[in-house]
There are 2 protein chains.
Amino acid sequence: MQNLKPSSKMFLDIVGELRLMIKAEGINIGDKLPSERVLAERLQVGRSTVREALRSLELLGLIETRRGEGTFLGDFKKHQLVEVLSTFIMQQPKSAMDVNETRIIHEKAAIESICKDIHKQNLPVWEGLIMKLQEDGTVLREDIVREMIIASDNRLSLKIWFLLKQYSKVPYEKMTEEKEAGIVKDLLGHIIEGRVFEALAAYDRWIEDIEGEE
Amino acid sequence: MQNLKPSSKMFLDIVGELRLMIKAEGINIGDKLPSERVLAERLQVGRSTVREALRSLELLGLIETRRGEGTFLGDFKKHQLVEVLSTFIMQQPKSAMDVNETRIIHEKAAIESICKDIHKQNLPVWEGLIMKLQEDGTVLREDIVREMIIASDNRLSLKIWFLLKQYSKVPYEKMTEEKEAGIVKDLLGHIIEGRVFEALAAYDRWIEDIEGEE
DNA sequence: TAACAGGAGTGGTCAGACCACTTTTTGAAC
DNA sequence: GTTCAAAAAGTGGTCTGACCACTCCTGTTA
């Protein structure tokens, strides 16, 4: 295991060595990795070098570290990578329009996904939202959309959407008002029935209505 | 700048601080960042902690370090990091599926965007691709899809797609073959004419064909 | 003027020392 | 023997100081 070439990026070599070690020793998700001190000893490098490699993997969500306990192989479900990258991307081109468009892309994709899956249409949450709208017409826009993305059952898409929402200028925190409530009820109704074209059309009207506010 | 909360992950805070610093000081791609020693001084942390944050960002390709010269804001084009990642990640069925689905979401959205904008349809790149397919039938899948996303004129979507592509198991680097070339030519033809439904249908056939390979 | 030598600056790595926290072991009281 | 609290061991988190290798700039020299 000590065939480390002196390539100019030692910590990258360590990353590779760790990968091999994980494979060779059959370490599974959630299992504990050797401690930093042991790794340093085994790989014949300093502990700080090992830590640089581990910290990189942690930022990627590939491992999880708990002080006092140890380092564990990650569950890969947290796409932290996307968050970090996006926050970096967001500041440079500062193209608010792109953010908005991309957010809408994910929202529409969620609607499509629901309309094409009978199980997602039959979720009780839709009836609940309609009921609430009927009663007092005050439901957070954010709640409605979030439920749709959640229902689409794509965690990565949800992560991205959540991130975009924070950078978006759309007033997600506002309550729906009378006219808007009608549109949303249409949208939910179409979703329940799986009418994809009508649902998307209703969604378009909604967006138009919201953006017309400003 | 020293308002660091003692959250349990100092190096993550540093990453955040760096992001703010880059924005505040208007550091652009290729520009030099302050040296590790200066950063440590400014942020009132040890140099090793700064290095852990920098190494993480380096693995992501967000920064580039050159011994003896300094640390520079990355150009996002280097993606050697992901070779390592893909070998780590691609065993998890559900998250791999999410990555795939999300990638397809962005690809379809690009197609829709192009089909709804006459200017995007009239780009010379489409004719060029068709020509190339006609000649020898060897065009990289990646090139075709990338051109579509670029044409959609949403930089954020492009960034996300690029990221997902690297995680994706789809053999993007492969050449298109005979049967596939026919489908792609259909797709491009529909795009040029702005026939959104037909284009999306052709795209679906393409995906099906690719995934059927395995 | 051109070439060279040296110094300053920078990232790369290591070793050792604490700290904070968790888990395990120990040992005394019951 | 059981219980439980204290001590010890193990682990990640951070800092410091040191040295190396490399790059760039600068001043001296031929």
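Remark: pairs (first residue in the stretch A:110-137, assigned by TED's automatic domain parsing to the domain that holds residue A:149; second residue part of a loop (DSSP other than H, G, I, E, B) and exposed (fewer than 13 other Cβ atoms within 10 Å of the Cβ); Cβ separation under 8 Å; 6+ apart in sequence or on different chains) = A:132/A:138; A:137/A:177.
Picking from residues in the stretch B:50-72 that are in contact with a Gly (Cβ under 9 Å, 6 or more places away or on another chain) and open to solvent by 20 Å² or more (accessible area, probe 1.4 Å), the one that is nearest to residue A:60 (Cα to Cα) is B:58. Could you list, ordered by first residue, the pairs with Cβ atoms under 6 Å in which the first is in the stretch A:8-37 and over 17 Å from residue B:52 (Cα atoms) and open to solvent by 50 Å² or more (accessible area, probe 1.4 Å) and the second is within 14 Å of DNA strand D (Cβ to nearest atom) and among the polar types (S, T, N, Q), at least 6 apart or interchain? Matching pairs, first to second residue: none at all. Restricted to the stretch B:39-94, and to residues there that are of a type in the set (Lys, Arg) and away from DNA strand C (no atom under 15 Å from the Cβ), the residue that is modelled with the highest pLDDT is B:94.
When residue B:163 is tested against the conditions (1) assigned to a helix (DSSP H, G or I); (2) modelled with pLDDT of 85 or more, the lone failure is (2).
Counting only residues that are under 18 Å from the mean Cα position of the chain (by Cα), within 14 Å of chain B (Cβ to nearest Cβ) and of a type in the set (Lys, Arg), the stretch A:101-151 holds 2 of them.
Selection of the stretch A:36-52 for residues being more than 12 Å from DNA strand D (Cβ to nearest atom) and outside any loop (DSSP other than H, G, I, E, B) yields A:42, A:43.
The values are calculated or read from the model by the stated rules, or taken from the named source; none is laboratory data. Since this is a predicted model, take the numbers as computed values, not measurements. Ideal geometry is used to build each Cβ from the backbone, glycine not excepted, and the neighbour counts take in all protein chains shown. We work out accessible area using only protein heavy atoms, side chains counted, and drop any ligands, DNA or RNA first. Shrake-Rupley method; radii C 1.70, N 1.55, O 1.52, S 1.80 Å.
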